[in-house]
Amino acid sequence: AMLQRITASLLAVRAQLLDMAEAHAETVMTGYTHLQAAQPITFGHYLCAIADGLARDCGRLLDAYPRLNLCPLGAGALATTGFPVDRARSADLLGFDGLVENSLDCVATRDFAAELMAGFCLVTLTLSRMHHDLHLWTTAEFGFLGMRDDIAGVSSMMPQKKNPAAIEQCRAKPAITLSGLVAFVAATAQTPYTNTRQNAEALHHFRDSAAEAEAALELTLVVLKGLQVDAERMEQAAAQNFSTFTELADTMVWDGGLPFRAAHSVTGALTRLAIGQGLRGAAEVDATLVAEAVAEVAPGAPPLPDALVRAALDPRENVRRRHVTGGPAPAETRRMVARARRQLEDDTALHAARAGAIAAAAEGLAAAAGGLAA
């Protein structure tokens, strides 16, 4: 039941991310590497990436289910019993897919817990990395995102504050789920391969890790539904840095005939010139300044026409041109969202089938028990 709840929450978060990714397939923003402005992408492209990461996390938990859903009943203390019990019948009535066959393995193993706890840790890790970005982008210095009042915290002292408390909570979750996994392994290590109280003690950490993963997913869904996206500010910021300069270097190769090494050097010199003149980003760079950088680094190379420079430095045009598979071009993002939705539908159907099998088993057990009572 616990794994089914967590899987259901994962499916809901993935669905929300994909809805938002499609809605923001054309919301241009700066993409960052090393927390520095890198190249323009879209908010939809970013959200689709997070959805893909969570799809893998979800897949790990779905894949673990067949190993988890095996019945140890009938193993006894470690050597089964002399009574003629039908272990396969018991497993079937309880909704299991089969048996943990070896009776000693039944009482000794707890590897299902370690496997699932590793899965919970990876779920919270993916969420935490997303919340790191959301946290940054809600600051006034970025101003990309806001939060509805009903999901934000307030300062007990400073009335003007609106604190992203739920985001902060989700950022901390991987430390808790990882500590649970480490504690479980430490409590289980060097125990004999049989029944022992140390194994039972270790399972406390399993329950705690599951609860933390479930809480992180529920909080994340609330946060995503309460985000306020400032698309205008995102695109404006992408024009106020130098994230489009890579496309300018590519244009020098395609249209200016320069080898990329030379184009790279020219663009580096252009960055230095722009900063030296106090320019606030690529939007303030013109063909004259580009020609100055070309003359400094690659004298004799033909200058780029103003129209090519303007197109290369336009964040929206940068995004449009990146339609290679997996790129941020709106059409490509929408294609990836459609692909991810098909996977989500398959995962949802598998989750529902398992829930149905559990419910059917419960009905069968009740009927069998009723027959005995009669």
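Readers should treat all values here as calculations from the given coordinates under stated rules, not as data from a laboratory. Treat the numbers as computed from the prediction; the structure is a model and nothing was measured. Reconstructed Cβ throughout: ideal geometry from the backbone, glycine too, with neighbour counts over all protein chains shown.
A few remarks follow.
- Of all the options Glu101, Glu26, Glu317, the one that moves most in a Gaussian network model of the chain with Cα springs shorter than 10 angstrom is Glu101.
- Were the residues from Thr139 through Ala352 laid out at 0.36 nm apart, the gain over their Cα-Cα distance would be 72.7 nm.
- Burial ranking of peptide ranges 80-86, 112-118 (average Cβ count within 10 Å, highest at the top): 112-118, 80-86
- Rg ratio (alpha-carbon, reference 2.2 N^0.38 Å) - segment 86-125: 1.53
- Taking only Cα atoms of the chain, radius of gyration then Dmax in Å: 27.9, 100
- A straight line joining the Cα centroids of segment 151-191 and segment 263-288 runs 43 Å.
- Segment 252-319 has equivalent-ellipsoid semi-axes of 17, 15, 10 Å, by the square roots of 5 times the alpha carbon gyration tensor eigenvalues, sorted largest first.
- Normalised by the number of residues in segment 136-187, the average gap of Cα pairs under 8 Å and 6 or more apart makes the relative contact order 18 percent.
- Between helix 260-276 and the chain there is an angle of about 80 degrees, using the helix long axis and the longest principal axis of the Cα atoms.
- Computed over segment 284-346, the percent of Cα pairs more than 13 Å apart is 70.
- For the chain, built as a Gaussian network whose Cα springs stay under 10 Å, the top-fluctuating residue of Ala301, Ala213, Ala329: Ala301
- Listed residues Lys173, Lys161, Lys225, most fluctuating in the chain (Gaussian network, C-alpha, under 10 Å): Lys161
- Database remark: amide H of Val285 closer than 5 angstrom to no amide H (H placed geometrically; neighbours at sequence offset of 5 or more, or on other chains; Pro and chain starts carry no H).
- Taking segment 19-178 and dividing mean pair separation by its residue count, relative contact order in percent (alpha carbons under 8 Å, at least six apart): 17 percent
- Compared with the dominant principal axis of the Cα atoms in the chain, helix 245-254 is inclined by about 70°.
- Per residue, the average separation of C-alpha pairs within less than 8 Å and at least 6 apart gives the chain a relative contact order of 23 percent.
- A simple packing score, the average count of other Cβ atoms within 10 Å per residue, orders the peptides 190-202, 124-136, 229-241 as 124-136, 229-241, 190-202, with the highest score first.
- Sites Ala8 and Arg56 - FRET efficiency at Förster radius 22 Å, r taken between beta-carbons, to 0.05: 0.80
- Residue-normalised convex hull volume from the C-alpha trace of segment 175-276: 236 Å³ per residue.
- Rg/Rh, computed from the Cα trace of segment 106-219 with Rh as the Kirkwood radius, has the value 1.16.
- Label-point separation in nm, Thr81 to Ser179, each point 7 Å along Cα→Cβ: 4.1 nm
- Centre-to-centre, using Cα atoms only, segment 325-349 and segment 16-67 are separated by 10 Å.
- Helix axis angle, 43-68 relative to the chain longest principal axis, alpha carbon, degrees: 20 degrees
- Ranked from largest, the principal axis spans of the Cα set of segment 1-102 equal 70, 27, 15 Å.
- Label-point separation, Ala200 to Leu73 (7 Å along Cα→Cβ), nm: 2.0 nm
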